[in-house]
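*Asks:* What follows is a single structure, and I will ask about it in a moment.
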Amino acid sequence: MERRDKTNYYLDIAEAVSERSTCLRRKFGAIVVKNDEIISTGYNGAPRGRQNCTDLDFCYRERMGVPRGQRYELCRSVHAEANAIISASRADLLGATLYLACHDAKTDRLDGAVEPCSMCKRLILNAGIAQVVIRQDENAHFTIDTTAWITDDDSLAEDLSKGY
């Protein structure tokens with residue numbers, strides 16, 4: 001039997017973490033790893049003490065017809081990346097790798113066409129996380145060097161497109 005490579009091992013764990021998600025649209029799981037040690041985990045769900053979308057049986061963004069990837073400020077959930085970051089100290093996050101996996105909540109199919117939203121990118125940068133690895137399928141993934149988000153500042157592109 002061939003041993004599972006470490007990247008897919010960590011992505012398998014991120015997928016397992018996503019099973020705790022309470023989002024009705026997409027189930028994200030994230031883990032932060034540094035020096036081959038899991039530092040923290042996170043999944044998307046309502047802030048502690050608030051009702052989850054699975055409890056309410058509806059999604060505000062879906063109810064309002066908000067397209068995928070837009071208007072995250074209307075979402076009840078704290079994103080998986082943010083939950084993983086707030087569960088760790090910054091010293092442990094500096095230079096770490098964040099592994100991210102996502103499933104469509106309705107079909108349970110793996111969704112490999114995802115990236116952190118602009119708010120999570122800012123958190124990842126401030127936390128000092130060096131790279132993000134995103135699962136595409138059972139064995140494939142892609143890696144983002146987070147320094148690319150500094151030079152390719154999506155918040156400036158949004159402002160320029162609006163004429164600000």
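The values are calculated or read from the model by the stated rules, or taken from the named source; none is laboratory data. These numbers were taken from a predicted model, which means no experiment stands behind them. Quick reminder, even Gly has a Cβ in these numbers, built from the backbone with ideal geometry, and neighbours come from all protein chains shown. In case anyone asks, the SASA skips ligands and DNA or RNA and just uses the protein heavy atoms, side chains included. Shrake-Rupley method; radii C 1.70, N 1.55, O 1.52, S 1.80 Å.
*Asks:* Roughly how big is the chain's charge dipole about its Cα centre, with Cβ charges of +1 (Lys, Arg) and -1 (Asp, Glu), in debye to the nearest 20?
*Replies:* 580 debye
*Asks:* Right, another one. At 7 Å along the Cα-to-beta-carbon direction for both Asp154 and Ser118, put a label point, then send me their distance in nm to one decimal.
*Replies:* With each label point 7 Å from Cα toward Cβ, the separation is 0.9 nm.
*Asks:* Would you please name the trypsin sites (Lys or Arg not before Pro) within segment 67-120 that are DSSP coil residues with at most 11 other C-beta atoms within 10 Å of their C-beta?
*Replies:* Arg68, Arg71, Lys106, Arg109
*Asks:* How large a share of the accessible area of the chain, in percent, is made up of carbon and sulfur atoms when the probe is 1.4 Å and the other protein chains stay in place?
*Replies:* 48 percent
*Asks:* How much accessible area per residue does the chain have, counting only protein heavy atoms and a probe of 1.4 Å, in square angstrom?
*Replies:* Solvent-accessible surface per residue comes out at 58 Å².
*Asks:* By accessible area of protein heavy atoms, probe 1.4 Å, what ranking do Ile150, Ile134 get, highest first? Don't jump to the answer; show the numbers that get you there.
*Replies:* Values: Ile150 110, Ile134 0 Å².
Final ranking, largest accessible area leading: Ile150, Ile134.
*Asks:* Picking from Glu15, Glu62, Glu81, which is most flexible by a Gaussian network model of the chain using Cα springs under 10 Å?
*Replies:* Glu62
*Asks:* Assuming R0 = 35 Å, can you tell me the calculated FRET efficiency for the pair Thr107 and Asp145, based on Cβ-Cβ distance, to the nearest 0.05? Spell out each step's value before the answer.
*Replies:* Details: r = 31 Å, r/R0 = 0.89.
The calculated FRET efficiency here is 0.70.
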